[in-house]
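Worksheet for the structure shown next.
Bear in mind these aren't lab numbers, they're just calculated from the coordinates by the rules spelled out. Every value quoted in this text rests on a predicted model; they were computed, and no experiment measured them. Cβ placement follows ideal geometry from the backbone for every residue including glycine, while neighbour counts extend to all protein chains displayed.
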Amino acid sequence: MFYEITFSPTGGTKKAADFLSAAWNEKTEIDLCRREEDFSQYTFNGEDICLMAVPTFGGRVPAIAAERLSRMQGGGAKAILVAVYGNRAYEDTLAELEDILKACGFLPVAGAAVVAEHSIMREFAAGRPDAADEEQLKGWSRKLKEKAEQGGPITFPGNRPYKKYGALPMTPKAGKDCGGCGICAAKCPVGAIPKDNPRETDGEKCITCMACVAVCPQKARSVNPVLLAGARAMLKKALEGRKENELFL
Ligand SMILES: Cc1cc2nc3c(=O)[nH]c(=O)nc-3n(C[C@H](O)[C@H](O)[C@H](O)COP(=O)(O)O)c2cc1C
């Protein structure tokens, strides 16, 4: 069986994973953003191939995705590791993902690093993965399928110990256009928005994944513009220019 397992708060990671899965005729999708799901129910075996795609958060695997992946039982299933990043750098994401998956019984065999629109500063890598990426990633899908079927060793870039996670805490807040529909509360991967009062956000729980901002039908949610301008100024240089996708076989 082929599985596409993604953590994709704003859809960029899912889009990349779909292109990289194009060579498989059938797939079962598992959504790591679903906080009500019991991920320990997922057990795999040596016949299975799992494409595991996560976004890079501060050069790392988002902690909640790491925790949910660790509950699965790999049972020797082959894993294709995908880091999706917003045009700065993916740093230790693939190395960390490799360690997480090996620790719960998966066998990493291949992978990719893919650029997608930056989910906080959307002007960077805007529209990516674009048509050129789509063609490239669908072409790579066939190669990934071949490698996954054959097996064989693989190494991923990244440092151990991993980079310390140090992203700015920027909790999105609801503005005056919020109609209180609660879609954001339902979609929040960590339950930081109360269903009965979606105008409140728990800053302790929030991971600034931007799912609530992306899903709001009123476009009523946003992060503090002053903090955002600071982050922009700090990261502008590192975020500029077109970065290329990478394939690991
Ligand atoms: C909290 C947070 C931290 C991020 N850190 C990085 C980073 O270190 N490097 C980078 O290139 N992009 C970074 N990004 C951008 C995301 O990796 C990128 O936009 C990704 O496509 C988001 O996935 P999604 O669209 O599936 O939500 C970050 C985004 C968020 C929300």
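Annotations
- With semi-axes defined as the square roots of five times the eigenvalues of the C-alpha gyration tensor, the equivalent ellipsoid of region 101-249 measures 34, 19, 17 Å, largest first.
- Sorting Glu204, Glu4, Glu135 from the fewest to the most surrounding beta carbons within 10 angstrom yields Glu204, Glu135, Glu4.
- Calculated SAXS-style log₁₀ I(q)/I(0) at q = 0.20, 0.24, 0.29 Å⁻¹ - region 173-236, Debye, Cα scatterers: -0.74, -0.99, -1.28
- For region 124-172, fraction of C-alpha pairs farther apart than 18 Å, in %: 65 percent
- Peptide ranges 87-94, 20-27 listed from the most packed, as the mean C-beta count within 10 angstrom indicates: 87-94, 20-27
- When Rg and Dmax are taken over the Cα atoms of the chain, they come to 17.8, 55 Å.
- Sequence-distant residues sharing a close amide H with Thr208 (under 5 Å, placed H): none
- Cysteines of the chain lacking any other cysteine Cβ under 4.7 Å from their own Cβ: Cys33, Cys50, Cys104, Cys178, Cys181, Cys188, Cys206, Cys209, Cys216.
- Full extension of the chain between Asp31 and Glu149 gives 40.1 nm of extra length, using 0.36 nm per residue less the Cα-Cα distance.
- Dipole check for the chain: with +1 at the C-beta of Lys and Arg, -1 at the C-beta of Asp and Glu, and the Cα centre as origin, the magnitude is about 780 Debye.
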